[in-house]
Every structure is written in structure tokens, then in C-alpha cells.
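Visitor: I am attaching a structure below and will ask some questions about it afterwards.
The values are calculated or read from the model by the stated rules, or taken from the named source; none is laboratory data. Keep in mind the model is a prediction, meaning the values are calculated, not measured. With ideal geometry, Cβ positions are generated from the backbone for all residues, glycine too; neighbour counts draw on all protein chains shown. Surface accessibility is based on the protein's heavy atoms, side chains included, excluding ligands, DNA and RNA. Shrake-Rupley method; radii C 1.70, N 1.55, O 1.52, S 1.80 Å.
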Amino acid sequence: MTEPTDFDSDDFLGDEFDIAPVRLTVDLGALIDNWREMARRSGPAATAAILKADAYGLGLEDCGAALYEAGARDFFVAVMQEGVTLRSYAPDARIYVLSGIWPGQEKQFYEHGLVPVIVSEEQLAFWMAVTAEHGDHPCALQIDTGFNRLGLPLEEAIAFAEDVSRPASFSPVLVMSHLHSGDNPASPLNRTQLESFQRVAVAFEGIPASLSASGGIFLGPDYHFDLTRPGIAVYGAEFVNGMQALKPVAKAEGRILQIREAPSGSTVSYGATHQLSRNSRLAIVSAGYADGYPRSASGSGVPIRAGGTPGAFGFVANTRVPVIGRVTMDLTIFDVTDVPEGDIRAGDYIELFGPNIMVDDVARAAGTIGYELLTSLGLRYERRYIYPDD
Ligand SMILES: *Cc1c(COP(=O)(O)O)cnc(C)c1O
């Protein structure tokens, strides 16, 4: 049996952030600057804030409160529960729920003043019945202009706009659509969608219209309508192919558990897929695919590496250091041979992505996009929010 310990309870009240295996710093000042920049680029259109998926993985409450402080009054979330949570941080804002409403959720939508984005003809019929029974309540209409994801079919929506038998109690406060290729300014399909949506905006004259997310804002004023919806640009990742992101917002770090000397000729990680060609120093970092650091970002031993592109890099002691061998569940191995020996030791943190390693570069190494990396961060991160006036 172990003896009872005499640790002072205060011994456990150290700053968790300083000892966390993985940690995330969110720069809310940068977040606000990015939102204001997108608002500036939206010209006279109002600019919404997009908080879906826990604010792209960075924290719905803190990001929501910061953007509300910055002046955002239109918010989009994906599902009702996100809207309910956001409501406490954005008391008088308009909160749109992008997946619309299911039977059984009416009470929540009315009580928390959430605006369902009606995405299908079934939802439209259901919502008409709801408003007939419970009284008028704002809704938005998503119109499909070529995405084939969510939205009322274009011609049906236009016919509906012109249908004089539409109940007067039914009052959409926004008509919207979504570009499938807004991140690709060269795509002629942007204009095709724009032209379809212009017909919608005319049919629903007098009701505010919204088409563009981050990428669409850069396609020009024709694409702005009354409200823009920038998400990823505000969170500091790439939003137009080949264009630099705005200010980085998130920094993810993993702690170095151990620095190991490994002789030339020995192999690294599962499957022994990497053989060292020199005597090396390896940093064993406590972050793995369970923390959303993708296995496909491995230095070797995953199918994507057959194409010859290198795996991801981390950043420590002013040096970019490559992932070596396979990323594992809780641990990743970086080759730190080129970092001067005195500059790095166990307990230090290595940047997985942030101001020095673009989240999109890690994503590309893993064959994915910044959005997916941010929204996959996992539960183990100790988080710190930097407020603009800190
Ligand atoms: C996610 C989303 C946005 C924001 O998109 P970004 O590319 O992150 O700017 C805007 N509108 C809709 C309907 C969305 O689903």
C-alpha cells in the first residue's frame, strides 16, 4: 500500500499551460483584425461571423464573444446546440443555424431566438406549419445554385418567391446560397452561380441576400450582396488558392518528452519505414494523430509519401525540423539533428503550426486543407486565449 502523500494541494495549481502535453494559443486580437479586414473588403455589405464547428476548432465561446465585441451581429453556426451556446455570448445578435430545423427543436429555436436556414422543401413545409401554429419567427432560405449540397432547388425557390398564396406570416430575413469554387477565382462556375443567385435576389426583392464566404469576397463587389460570410480567412488560414492567409490566429504546440541520440543505420517509429543516414538527434513530441496531427503528415510510411513530397515540419529554436517516420497516436518524432545541441531540451515545446509553420503547409503535407486540421484538434489541448488588450 502506498502511504498518503503530503503534497500541498497548491502543488497541483501550477499553470497547466506550462506543462501541458499539447497546447493551443488563440490570438483573439488577430481574429478580430482578420474579421475587420474581411469587413473592409466586403465594402458596404454587412459582414457575418461564422462560428460553426466550435469556431473552426478554436472555441465557440471565446471567439464568439470576441467577434461580438468587435461588432459582429450576424452569426452562423452549423447546428442548433452551437446556437444555444452562442446565444449567451451574443445576446442581441442574429444567429443563423445552417442545417435548419428538425421536428422537436421548435421550442429551442423560439426561446433562444435562433434563425433556421431552411435547406429543403421538407423543411420549408415543416417551417410553414410551425409558424402557422406558434406564430411568426424569422427564417432564412438556402437556395441551391449548383453545389448540390443543401438548399431549395433554384426554380422552385423562384416560383415560391412569386407565389402570391405564400402566407403573410412567413417572413424570411435572408436568402442565401453558397459558392462551390469561391477559392478558385479562375473558375467560370463562380459567374454561373452568381447569375443564378442574382435571379434569386431579384425574385425575393426587399429581403437581404448573401452569397459569399471568404473566397467569394475576393471575387469582387458583384458577389457581396447585403451580407458576407467569411469563416476560414478570419481564423487565419488560406482561403483563396495561392493567396497568403491573413494573420495567424492559432498556434498549436507539443511538448518534447525526450531528446534521443540515434545511430546512423537505425530505424524510426512503427514499421521501421525510415532508416537514419547519419547519427541523429530525435525529439519525441507528445502530440499525435489523436491530437489531430494527421498520420498522413508522417515523414515516411504512408501512401501519400509515395508521391515524393516531404512530410510536415515543426518549428523549434528558430529551426524548421521535419517529422521523421510515422506519426503515432500520442507521439511524433522530429529530426532535430540540425538544431544546436544547447538550444533544445526535454520539456521545450515545438510548434506544430502557428506563426512559423503555416497550418496550410501541414495540411498540404497531409493531403488535406487547413479547415480540417483546425477542426480536428482533439480534446487534450490546454488552451490559452490572448485578448486584444493583454
Ligand atoms: C462554412 C461556410 C461559410 C464560411 O466559409 P469559409 O470558406 O470558411 O469562409 C459560409 N457559408 C456557408 C454556408 C458555410 O457552410
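Visitor: Select, from SER286, SER300, the only residue that is polar (S, T, N, Q), within 26 Å of the chain's Cα centre (by Cα) and open to solvent by 10 Å² or more (accessible area, probe 1.4 Å).
Guide: SER286
Visitor: If you don't mind, another one. Sort out which residues of segment 160-186 are open to solvent by 70 Å² or more (accessible area, probe 1.4 Å) and in contact with a Phe, Trp or Tyr (Cβ under 7 Å, 6 or more places away or on another chain), and write them in order of number. Spell out the reasoning first.
Guide: So in segment 160-186, the residues open to solvent by 70 Å² or more (accessible area, probe 1.4 Å) come out as 162, 164-165, 168, 185-186.
Hit for segment 160-186 is PRO185, nothing else.
Visitor: Looking only at segment 218-232, which residues are more than 8 Å from the ligand (Cβ to nearest atom) and buried (at least 24 other Cβ atoms within 10 Å of the Cβ)? Break it down stepwise before answering.
Guide: From segment 218-232, those more than 8 Å from the ligand (Cβ to nearest atom) are 218-228; that's our starting set.
Within segment 218-232, PHE225, THR228 meet the criteria.
Visitor: Regarding segment 319-327, can at least one residue be identified that is open to solvent by 20 Å² or more (accessible area, probe 1.4 Å) and within 22 Å of ALA290 (Cβ to Cβ)?
Guide: Yes, segment 319-327 contains at least one residue that is open to solvent by 20 Å² or more (accessible area, probe 1.4 Å) and within 22 Å of ALA290 (Cβ to Cβ).
Visitor: Looking only at segment 188-216, how many residues end up being under 21 Å from ILE95 (Cβ atoms) and β-branched (Val, Ile, Thr)?
Guide: Residues meeting the conditions: 1.
Visitor: Out of the residues in segment 181-211 meeting the condition of being without any contact (Cβ under 8 Å) to a residue 40 or more places away in the chain and either of a type in the set (Ser, Thr, Tyr) or in contact with a Lys or Arg (Cβ under 8 Å, 6 or more places away or on another chain) (or both), tell me which one is nearest to GLY43 (Cα to Cα).
Guide: Within segment 181-211, the match that is nearest to GLY43 (Cα to Cα) is SER181.
Visitor: Quick one: which strands (runs of 3 or more DSSP E) lie wholly within segment 295-390 and hold at least 3 residues that are among the charged types (D, E, K, R) and over 23 Å from LEU282 (Cα atoms)?
Guide: Fully inside segment 295-390 and qualifying: 382-386.
Visitor: To continue, here is another question. Checking the condition within 16 Å of the ligand (Cβ to nearest atom), surrounded by fewer than 18 Cβ atoms within 10 Å (Cβ to Cβ) and either more than 20 Å from the chain's Cα centre (by Cα) or outside the structural domain of MET128 (by TED's automatic domain parsing) (or both), which residue from GLN275, GLN244, GLN198 passes?
Guide: Values: GLN275 fails: within 16 Å of the ligand (Cβ to nearest atom); GLN198 fails: within 16 Å of the ligand (Cβ to nearest atom).
Selected residue: GLN244, the only one of GLN275, GLN244, GLN198 that is within 16 Å of the ligand (Cβ to nearest atom), surrounded by fewer than 18 Cβ atoms within 10 Å (Cβ to Cβ) and either more than 20 Å from the chain's Cα centre (by Cα) or outside the structural domain of MET128 (by TED's automatic domain parsing) (or both).
Visitor: Is there any pair linking a residue in segment 224-235 that is closer than 19 Å to LYS247 by Cβ to one that is among the basic types (Lys, Arg) and near the ligand (Cβ under 10 Å from one of its atoms), with Cβ under 9 Å and at least six apart or on different chains, and which?
Guide: Sorted first by the residue in segment 224-235, then by its partner, the pairs are GLY231/LYS52.
Visitor: Which residue, of GLY182, GLY220, GLY216, is outside the structural domain of PRO355 (by TED's automatic domain parsing) and at positive phi?
Guide: That would be GLY220, the only listed residue that is outside the structural domain of PRO355 (by TED's automatic domain parsing) and at positive phi.
Visitor: Ok, one more. Just give me the residues in segment 141-158 being open to solvent by less than 60 Å² (accessible area, probe 1.4 Å) and either out of contact with any Gly (no Cβ under 9 Å at 6 or more places or on another chain) or hydroxyl-bearing (Ser, Thr, Tyr) (or both), in sequence order.
Guide: Filtering segment 141-158 for residues open to solvent by less than 60 Å² (accessible area, probe 1.4 Å) gives 141-146, 151-154, 157-158.
Result: THR145, GLY146, GLY151, LEU152, PRO153, ILE158.
Visitor: Cβ contacts < 7 Å: first residue without any contact (Cβ under 8 Å) to a residue 12 or more places away in the chain, restricted to segment 266-288; second residue among the hydroxyl-bearing types (Ser, Thr, Tyr), any location; separation 6+ or different chain. Result?
Guide: Pairs that qualify, where the first residue is without any contact (Cβ under 8 Å) to a residue 12 or more places away in the chain and the partner is among the hydroxyl-bearing types (Ser, Thr, Tyr), are GLN275/THR267.
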